[in-house]
Amino acid sequence: MNGEPVLVMLIEDNLDHAELVMRTLQDHRIANRIRHFTDGQTALDYLFRRGEFALPESNPLPHVILLDLRLPRVDGLEVLKTIKEEDTLKSIPVVVLTTSEAEKDVARAYYYHANSYLVKPLGYEEFRKLMEDLGFYWLGWNIQPQI
Amino acid sequence: MFQSIRRFLSAPVFENNTEETLRARHLIIIIHAVFLSTLTYTILIPIFAPQLMPHMGLIIPMYPVIVTLYWLVHIRKIRAASWVMVTGVWLVLFISAALSGGTQAPAFAGNVIVILSAAVLIDYSCAVWFAVLSAAGGLLMILGESAGYLPYASQQLNTPFSNWLVEIIYFTVGIALVYMATENIRFALQRAQNELSRRQQMELNIKEQGDFAIQVMNELGQGVTVIGRDAKYQYVNSAFARMIDYDPLHLIGKSPYDIVLPDDYPVVGQALNERRQGKTSTHEARLKKSTGEVVHALITGVPRIQNGKYEGAITVITDLTRQKQIENEQGELLAKMNLRNLQLFTAAEVSRAASSMLDLDTLMPKVVELIRDHFNYYYVGLFLVDGEQDLAVLRAATGDMGIKMLEAGHALELNEFSMIGWCIVHKEPRIALDVGKDAVRFKNPILPLTRSEVALPLISRGNVIGAMTIQSSEPAAFSGEDITNLQTMVEQVANAIENARLLTERAILIKELESRNLELERFTYTVSHDLRSPLITMRGFVSFLMEDAASGDMERLQKDVNRIVNATEKMQQLLNELLELSRVGRVMNPTQDVPFGSIVEEALERVRGQLENRRVKVIVQENLPIVRGDPTRLIEVVQNLADNAAKFMGDQSQPLVEIGGSGIGSDGYATFFVRDNGVGIEPKFHERIFGLFDKLDTQSAGTGVGLALVKRIIEVHGGKIWVESAGKGGSTFYFSLPAKTA
């Protein structure tokens, strides 16, 4: 890590799951900061710096995006598609983190250029391990593009 | 050698020309005679009459002449040889006469022989010429003698012996000539005889032919008559007499008018006139048999014209009765075949229509139109049995009158009071005709022109599924045979209708199965997804509990316990609702007629608490229609919709929910609505909201099963549900349910 504060964007409508993710990531000090959004629309507003998120200084672009697929207002796949169609955003790695194992969802996520597709494990130990690995891989080993 | 000399000396034979052959024979005889006498002279003169030796100068040149003559005959120049011979002999005789005694010389008498030869060998006129020539020669010699030019003429060189010798020669030649003349006459007689017998043979032949012709005419299959100038029969053959069943002898002297039907007199008169003008006429006429029956006949008359005068006619009569009969039979057969063809064609069309149209509402009108158009019937109607109401309901009918009756919902009871009812009850076709002693009067005011009707049962796989009525404006349009054929066709129609029905049922089943399948897929998907969520939460926070306990953070411990409890409750609720949803359709209370007003009342009673909490005003329309369905489920529908409306009121200061109906459609379904003035739903979510667990707002209460359940209940009742909302100013949920049939 290069000393620059790492920002993770979590888009998750289930508050309990969001809490689980955030606590696990913070326990391992993987992320300096996590910004949590409960619906797709608000998340997009942030990324496109619309409305209350207009100032770039206080609303930096994330290093990695954790995205749930089933979201209110704007669906997760729609969010993914929008990000990957936007020149300034498409280089941000998007990791789909969802409860759905459906083949259709996996296929569609990759079709819209998801960088990774992860299914939330049922057991906590596995969940914890996944978050740990995720942190090491995407925020540690993985070389980030300059945004 | 001998053979060739003989051939050279003999007369040639001219085939197919007896006259010429004869002439050649005569010529050769004379040449022989001349040759013989010349030879005799040559031998005898030096012995017996040496004083005649000067004549030898005349005799010797005869030999080349004789050889030339033989040669000419040999090369068949008979006429030329004749001329040379006659002329040569005459010249020799003339010169010898001139040299020895003039007119008194025996040579001069020889002219007679020359003249006769000319007559026999050449012709009569030639003989005359030689006679004149000889006379003139004699006169010339007498004159020459008296003038002293002929010194030898007066010399009496002849002796009695030489004269005798010459005369002997003349006798011989004379006999030969007489023989020839006789032969000529015999030949002419022979020819005359031949000609006579030839003519006799010819006459005999003509008579035989005539007899044969009469025999042929008598034996001929066709009638032959000979009519005189007075238009009376002079001859009739036996075939004609047989044709009209008369004795041939009785017909002689009768006229065609005696045997032709009076209706055909003009035709016969015209034919007679034409023949008088010398024209051949052909016409048809009906003849009366002696037994009174009628014979159709074709009569061709040929006029007999002799010396430019009309002498009557010969007619040939052909019996057309059988032919006419066959023509009529063929005509009937053809008409039958045409009808049968038409029926087959229509049947084929109907089958094609049936196989290409799987939709009853297209098939049935097409079938009735096809049948009516092809047979030019007045009206065709198709009834199907409505098992529930014991009625035969008109389902398709032709023309404007058909439309009228269809609109009026024309139906007949299944009893013997109507033809349709009768034929459905008895499974048999029935005819009613406006003719004969059982004449039926048709009284349907919409079908005023009907004069005959046939009702045919529609039987498919042994079951009567309806009946077809075919009506005609002709009083006796249907025969037993027609009905057999129509019945065959109608059976195809029945099968087609049954097939279409089964296909429709099958299509509905397939559609239902597909939607069930889709729902099941969605169900497994959501179960795996949505049931996982609380599990993940529970297991995650249970692990945190230990950390909380270890760190002594009791506040966080309390919060985490709450999360676990909530997740458990949520899971419980989810499982209940899933169970509930799966029960819909599987477990149904009996369908009954319920006033929709009472359903609304009961539903509102159940959500009264929520409505009052949010101060929602509810307006319910009065006199809502009666619907057919499961009341318990229908109450759940209204309850869910009202609850939802109350839930998504947002910051509306005067929350209002309206419940009402918007009428009954032609398909027998009543449409209802539940309207609110809450937050509304954006159009892009209008489909999603009915999906299982698809909550638009995660923060709001509920599991996301509610609207899916509502949709399921409505669909189980055969209805539809949809939402109308602009995204602001509230939303209206519409749904249709089967209304109670009147």
Derived scalar couplings ³J(HN,Hα) [the range B:117-127; Karplus, 6.51 cos²θ - 1.76 cosθ + 1.60; whole Hz; x for Gly, Pro] = 4, 4, 5, 6, 7, 9, 7, 5, 5, 4, 4
Pull out a ≥ b ≥ c, the square roots of the eigenvalues of the alpha-carbon gyration tensor of the range A:7-139, then state rounded if a/c is under 1.5, prolate if not and a/b is larger than b/c, and oblate in the remaining case.
-> oblate
At the level of C-alpha centres, the distance separating the range B:28-57 and the range B:403-418, in angstrom, is 145
Whole-Hz ³J(HN,Hα) from phi, Karplus 6.51 cos²θ - 1.76 cosθ + 1.60, for the range B:459-465, glycine and proline x | 10, 10, 6, x, 9, 7, 9
Quote the charge dipole size of the range B:377-484 about the Cα centre in Debye, to the nearest 20; the model charges only the Cβ of Lys and Arg (+1) and of Asp and Glu (-1).
-> 100
Quote the Stokes-Einstein diffusion coefficient, in whole µm² s⁻¹, for chain B, based on the Kirkwood radius over alpha carbon pairs, a temperature of 4 °C and a viscosity of 1.567 mPa s.
-> 31
With unit charges on the beta carbon (Lys/Arg positive, Asp/Glu negative), name the residue among B:Leu579, B:Leu557, B:Ala567 whose Cα is farthest towards the positive pole of the charge dipole of the range B:531-583.
-> B:Leu579
Express in whole angstrom the spacing between the alpha-carbon centres of the range B:329-354 and the range B:238-296.
-> 43
In the B-A interface, the accessible area buried, summed over both sides, Å² (probe 1.4 Å) = 2500
Förster-model FRET efficiency, 51 Å R0, B:Thr291 and B:Leu204, C-beta, rounded to 0.05 | 0.75
For the Cα atoms of chain B, what angle does the longest principal axis make with the long axis of helix B:480-530, in degrees from 0 to 90, nearest 10?
-> 40
Whose amide H sits under 5 Å from the amide H of B:Ile626, counting only residues 5 or more places off or on another chain, with H placed in the peptide plane?
-> B:Phe596, B:Lys740
Out of the DSSP beta bridges found with both residues in chain B, what percent are antiparallel (nearest 5)?
-> 95
Working out 0.36 nm times the residue gap between B:His426 and B:Leu334, then minus their Cα-Cα distance, what length gain in nm do you get to one decimal?
-> 29.7 nm
Unit charges on C-beta of K, R, D, E only; dipole of the range B:225-318, Debye | 320
Sorted by accessible surface (1.4 Å probe, heavy atoms of the protein chains only), largest first, B:Trp129, B:Trp422 come out as B:Trp129, B:Trp422
How big is Rg to Rh over the range B:472-570, alpha-carbon atoms, Rh as the Kirkwood inverse-mean-distance radius?
-> 1.73
Inter-site label distance for B:Asn341 and B:Asn273 at 7 Å from Cα along Cβ, in nm = 4.2
Using a basic spin-label model with each label point 7 Å from the Cα along Cα→Cβ, how many nm lie between B:Glu481 and B:Ile43?
-> 11.4
Separation of the B:Arg506 and A:Ser91 label points, Cα + 7 Å toward Cβ, nm | 6.1
Stokes-Einstein D for the range B:1-46 (20 °C, 1.002 mPa s, Kirkwood Rh from Cα pairs), in µm²/s, comes to 177
Take B:Lys740, project a point 7 Å from its Cα along the Cβ direction, then tell me which residues of the range B:380-398 have their backbone nitrogen under 18 Å from it.
-> B:389
Residues whose modelled amide H sits under 5 Å from the amide H of B:Lys254, counting only those 5 or more places away in sequence or on another chain, are B:Tyr233
Here the range B:365-377 yields Karplus 3J(HN,Hα) values (6.51, -1.76, 1.60; θ = phi - 60°; whole Hz; Gly and Pro given as x) of x, 4, 4, 5, 5, 4, 5, 5, 5, 5, 9, 6, 7
If unit charges are put on Cβ atoms (+1 for Lys and Arg, -1 for Asp and Glu) and the dipole of the range B:375-521 is taken about its Cα centre, the option from B:Pro445, B:Ala507, B:Met489 lying farthest towards the positive end turns out to be B:Pro445
Using amide H atoms built 1.01 Å from N in the peptide plane, name the residues 5+ places from B:Leu391, or on other chains, whose amide H lies under 5 Å from its own.
-> B:Asp386
Tell me, what is the FRET efficiency for B:Leu656 and B:Ser598 to the nearest 0.05, using R0 = 30 angstrom and their Cβ-Cβ distance as r?
-> 0.85
About the Cα centre, charge dipole magnitude for the range B:586-738 (Lys/Arg +1, Asp/Glu -1 at Cβ), debye | 300
Between 0 and 90°, nearest 10: helix B:160-219 axis offset from chain B longest Cα axis = 30
Taking Cα atoms, how many degrees apart are the long axis of helix B:596-606 and the longest axis of chain B, rounded to 10 and kept between 0 and 90?
-> 40
With a Förster distance of 56 angstrom and the Cβ-Cβ distance between B:Ser582 and A:Glu57, calculated FRET efficiency to the nearest 0.05 equals 0.55
Let me know the shape class of the range B:2-190, please: from the alpha-carbon gyration tensor, a ≥ b ≥ c as square roots of the eigenvalues, rounded when a/c is under 1.5, otherwise prolate if a/b is greater than b/c, or oblate.
-> prolate
Prolate/oblate/rounded label for the protein assembly as shown (Cα gyration tensor, a/c 1.5) | prolate
Which of the GluC sites (Glu not before Pro) found in the range B:204-311 are loop residues per DSSP with 12 or fewer other Cβ atoms within 10 Å of their Cβ?
-> B:Glu293
With all protein chains present, the protein assembly as shown has a carbon and sulfur share of its accessible area (1.4 Å probe) in percent of 56
Contour minus Cα-Cα span, B:Arg76 to B:Ala411, at 0.36 nm per residue, comes to 108.6 nm
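The values are calculated or read from the model by the stated rules, or taken from the named source; none is laboratory data. Just so we're clear, the structure is a prediction, and the values are computed from it rather than from any experiment. All Cβ positions, even for glycine, are placed from backbone atoms using ideal geometry, and neighbour counts span all protein chains on display. Each accessible area value is taken on the protein alone, full model and side chains, heavy atoms only, with ligands, DNA and RNA left out. Shrake-Rupley method; radii C 1.70, N 1.55, O 1.52, S 1.80 Å.
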